[in-house]
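This report refers to the structure that appears directly beneath it.
Please treat every number below as a calculation from the coordinates, not as lab data. Predicted, not measured: the structure shown is a model, and the values here were computed from it. All Cβ positions, even for glycine, are placed from backbone atoms using ideal geometry, and neighbour counts span all protein chains on display.
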Amino acid sequence: MTTDALRHLDAHYQGMPPVRALQLAIDGFDGEYLRLSAPLPANVNDKGCAFGGSLASLMTLACWGRVWLELDRNGLDADIYVADSQVRYLAPLYDDLRVGAGLATGAEWAPFMQALRQRGRGRIELSARVDLPDGRPATTFDARFAAILRPPPG
C-alpha cells in the first residue's frame, strides 16, 4: 500500500467538516488493519470520557476507509455506504480514541471484489474496536458495508 493512497484517504476524511471536528488522524495501515485516532479533548462528553457519537463515527470511518483502501488496491472506483451496524459500549474511555478496523471473522475480500466486477455492487462485513489503555475493549463495532461501482468517466 502506498503512502499516496493513505494521503488520498486522509484528504477525503479532512474534506468533511464533521470529520475534521473529530480531529481524526490516520495512524497506519499494515495491509489488513487500518488504524485511526482522535484526541479525547475534541471528543469528550459531559462525564469527561469519550463521547459515544465520536466512538461510533471513528469506527464507521475506519471501516469505510478500510473498504476504500481495498478498492484502491484493486483499481476499482466505487461509492461506499454503511448498510447496517451494531455498536457495543462496554466501558468508558478516559483516553485518546484509537481504533483498528479490518475484515469481520469469516469475511473475505475475494467474493466482494468478484461481486463488484460481475454485478457492479457488493457487500462486505467489517469489525472495529476501540480499546482501553489496558487492552480491554471499550467499544466494538460490527458492520456491513455496500459498494457500488461508479461508471467509467467519459
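Distance between the modelled labels on residue 40 and residue 4, one decimal in nanometres: 4.0 nm (7 Å Cα→Cβ projection).
Taken as Cα centroids, the stretch 83-107 and the stretch 1-76 sit 12 Å apart, rounded to the nearest whole angstrom. The mean sequence separation of alpha-carbon pairs under 8 Å and at least six residues apart, normalised by the residue count of the chain, gives a relative contact order of 24 percent. Ranked by the mean number of other Cβ atoms within 10 Å of their residues, highest first, the peptides 33-46, 119-132 come out as 119-132, 33-46. Panel note: the C-alpha atoms of the stretch 3-149, placed on their principal axes, show extents of 49, 30, 24 Å (largest first).
Ranked by how many other Cβ atoms sit within 10 Å of their own Cβ, fewest first, the residues 49, 63 fall in the order 49, 63.
Peptides 65-72, 86-93 ranked from most to least packed, by the mean per-residue count of other Cβ atoms within 10 Å: 65-72, 86-93.
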